[in-house]
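Some notes on the structure that comes next.
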Amino acid sequence: MPLTIPSPIAWATDHGIRILDQTRLPQEERYLELHTVEEVAEAIRTLRVRGAPLIGIAAAMGVAVSAGQRGSGEAGKNSVEGVREACHILGATRPTAVNLQWALDRMRRRADLAAMRNEELYSALREEANAIWEEDRRMCDRIGELGAALLPSGATVCTVCNAGALATGGIGTALAPIYVQHQAGGEPHVIVPETRPLLQGSRLTAWELSRAGVPVTLIADAMIASRLRLGDVRAVFVGADRIAANGDVANKIGTYGLALAARAHGIPFYVAAPTSTIDAASSSGAAIPIEQRAPAEVTGWLGQPSAPPGVGVWNPAFDVTPAELVTAIITDRGIVPPKDVARVID
Ligand code: MRU
């Protein structure tokens with residue numbers, strides 16, 4: 001992890017967690033302490049914590065928080081029911097990132113095991129959340145090592161949204177190869193589309209890459225095709241919220257357009273994701289639930305209207321890039337063609 005980027009999540013006192021409030025970046029580096037499952041759910045829903053892997057980690061920690069608030073008794077029936085209720089609340093926050101359900105399934109199983117063994121529930125759940133976090137950190141490192149081999153030294157690359165340290169438990173997914181190359185002295189340069197409507201590209205990716213000392217060129221989303229046409233972008237690296245068994249990829253809205261532009265200009269399009277993002281139960285992208293968000297995210301910014309009152313709005317948070325537009329998927333278990341992605345988790 002580049003030491004210059006603050007961790008987006010940590011444990012806090014009194015069985016709580018501390019998060020970097022990403023809605024305040026880049027203006028303000030503000031931290032919030034969360035002490036109830038409802039507070040953690042609100043933070044995920046409003047994107048104070050965000051990014052598929054980090055949502056999973058935050059939810060896992062939120063389950064432990066709920067057990068901590070109920071008291072540190074033994075793992076009895078009521079406590080396990082409390083865990084199920086916490087998982088239900090947290091699981092309803094955001095539908096597309098499969099890492100959320102993946103992490104909550106693990107927490108449910110750990111609670112059942114704790115009850116069977118009569119273990120103290122909070123400690124057992126905190127340990128499991130730490131394991132999920134640590135595994136994600138290691139998966140990011142591995143993605144970084146593997147992906148860096150695809151990145152020519154000194155290359156200009158393009159990304160979208162934020163799939164970096166702010167979105168994971170480690171150095172990121174799409175940004176991991178860039179950090180690995182940067183730390184090895186390879187001097188990558190990153191084209192960052194601002195990523196409307198919530199500007200995760202300009203507010204978060206430009207911020208964390210700049211903090212790490214990686215050169216960035218910020219563009220508006222409408223400039224992507226023209227920028228790729230210039231001919232100097234050697235590769236596109238994006239993250240994923242869910243990858244279907246056939247290799248279709250759900251990621252931040254705009255990813256599909258970026259993939260089309262990359263194909264039109266002969267630029268390799270790589271998706272970087274940990275195995276926790278692969279959903280073998282979704283046979284294709286058509287089965288992936290796409291989160292629809294509030295019209296207000298499109299009709300205004302920072303409390304100022306940018307559209308007439310009452311205008312109709314379509315605001316999906318994600319799109320699906322068909323597998324045929326993806327050059328390869330970089331996972332912690334290897335780089336695979338999209339059609340083979342489900343084999344990685346067999
Ligand atoms: O709505 P967000 O900000 O949670 O969306 C995040 C993305 O789309 C990321 O690209 C994805 O979660 C991968 S993060 C490693």
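Restricting attention to the stretch 174-207, the residues being farther than 21 Å from PRO295 by Cα, in contact with a Leu (Cβ under 8 Å, 6 or more places away or on another chain) and part of a helix (DSSP H, G or I) number 7. For the stretch 137-150, indicate whether the set of residues that are out of contact with any His (no Cβ under 6 Å at 6 or more places or on another chain) and farther than 30 Å from VAL216 by Cα is non-empty. Scanning the stretch 137-150 turns up no residue that is out of contact with any His (no Cβ under 6 Å at 6 or more places or on another chain) and farther than 30 Å from VAL216 by Cα. Inspection of the stretch 123-145 finds no residue satisfying the criterion of being in a loop (DSSP other than H, G, I, E, B) and either closer than 25 Å to THR331 by Cα or over 25 Å from the mean Cα position of the chain (by Cα) (or both).
Can you tell me which residue is nearest to VAL249 (Cα to Cα) among those in the stretch 31-72 that are of a type in the set (Val, Ile, Thr) and part of a helix (DSSP H, G or I)?
Result: ILE55.
Could you grab me the full set of residues in the stretch 142-153 that are away from the ligand (no atom under 16 Å from the Cβ) and touching a strand residue (DSSP E or B) at 6+ places or on another chain (Cβ under 8 Å)? Residues satisfying the conditions are LEU150, LEU151, PRO152.
Yes or no, residue by residue, for (1) outside any loop (DSSP other than H, G, I, E, B); (2) in contact (Cβ under 8 Å) with a residue 24 or more places away in the chain; (3) more than 16 Å from the ligand (Cβ to nearest atom); (4) not assigned by TED's automatic domain parsing to the domain that holds ILE253:
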site	(1), (2), (3), (4)
GLU29	no, no, yes, yes
VAL80	yes, yes, yes, yes
VAL83	yes, yes, yes, yes
LEU104	yes, yes, yes, yes
ARG110	yes, no, yes, yes
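Within the stretch 182-198, track down each residue that is among the hydrophobic types (A, V, I, L, M, F, W, C) and without any contact (Cβ under 8 Å) to a residue 40 or more places away in the chain. ALA184, VAL190, VAL192 - these are the residues of the stretch 182-198 that are among the hydrophobic types (A, V, I, L, M, F, W, C) and without any contact (Cβ under 8 Å) to a residue 40 or more places away in the chain. Based on what the data block shows, is ALA250 in a loop (DSSP other than H, G, I, E, B) and either within 16 Å of the ligand (Cβ to nearest atom) or outside the structural domain of THR327 (by TED's automatic domain parsing) (or both)? So ALA250 fails the test.
Residues that are in contact with a helix residue (DSSP H, G or I) (Cβ under 6 Å, 6 or more places away or on another chain) and at negative phi do occur in the stretch 303-314.
Which of the residues that make up the stretch 1-27 are among the hydrophobic types (A, V, I, L, M, F, W, C) and either without any contact (Cβ under 8 Å) to a residue 24 or more places away in the chain or assigned to a strand (DSSP E or B) (or both)? Scanning the stretch 1-27 gives LEU3, ILE9, ALA10, TRP11, ALA12, ILE17, ILE19, LEU20. Taking the criterion of being out of contact with any Pro (no Cβ under 8 Å at 6 or more places or on another chain), within 14 Å of the ligand (Cβ to nearest atom) and hydrophobic (A, V, I, L, M, F, W, C), would at least one residue in the stretch 184-198 satisfy it? Within the stretch 184-198, one or more residues are out of contact with any Pro (no Cβ under 8 Å at 6 or more places or on another chain), within 14 Å of the ligand (Cβ to nearest atom) and hydrophobic (A, V, I, L, M, F, W, C).
Of all residues in the stretch 151-163, those that are surrounded by fewer than 24 Cβ atoms within 10 Å (Cβ to Cβ) and part of a loop (DSSP other than H, G, I, E, B) total 5.
When the residues of the stretch 307-324 are filtered to those that are outside any loop (DSSP other than H, G, I, E, B) and within 16 Å of the ligand (Cβ to nearest atom), which remaining residue is farthest from LEU47 (Cα to Cα)? Looking at the filtered set, the residue picked out is THR321. For the stretch 273-306, the candidate set comprises residues that are surrounded by 13 or more Cβ atoms within 10 Å (Cβ to Cβ) and over 24 Å from THR93 (Cβ atoms); within that set, the residue that is farthest from the ligand (Cβ to nearest atom) is SER283.
Of ALA244, ALA240, ALA261, all but one fail to be over 30 Å from ALA103 (Cα atoms) and either more than 16 Å from the ligand (Cβ to nearest atom) or of a type in the set (A, V, I, L, M, F, W, C) (or both); the exception is ALA261.
If you check LEU166 against the conditions, is it aliphatic (A, V, I, L, M), away from the ligand (no atom under 12 Å from the Cβ) and assigned to a helix (DSSP H, G or I)?
The answer is no for LEU166.
Do you know which residues across the stretch 1-48 are touching a strand residue (DSSP E or B) at 6+ places or on another chain (Cβ under 9 Å) and closer than 24 Å to VAL180 by Cα? If the condition is that a residue be touching a strand residue (DSSP E or B) at 6+ places or on another chain (Cβ under 9 Å) and closer than 24 Å to VAL180 by Cα, then PRO6, SER7, PRO8, ILE9, ALA10, LEU20 are the ones that fit.
Within the stretch 53-70, the set of residues being closer than 16 Å to ASP21 by Cα and among the small types (Gly, Ala, Ser) comprises ALA58, ALA59, GLY62.
The values are calculated or read from the model by the stated rules, or taken from the named source; none is laboratory data. These figures come from a predicted structure and were not determined experimentally. Cβ coordinates were reconstructed from backbone atoms using ideal geometry, including for glycine residues, and neighbour counts include every protein chain displayed.
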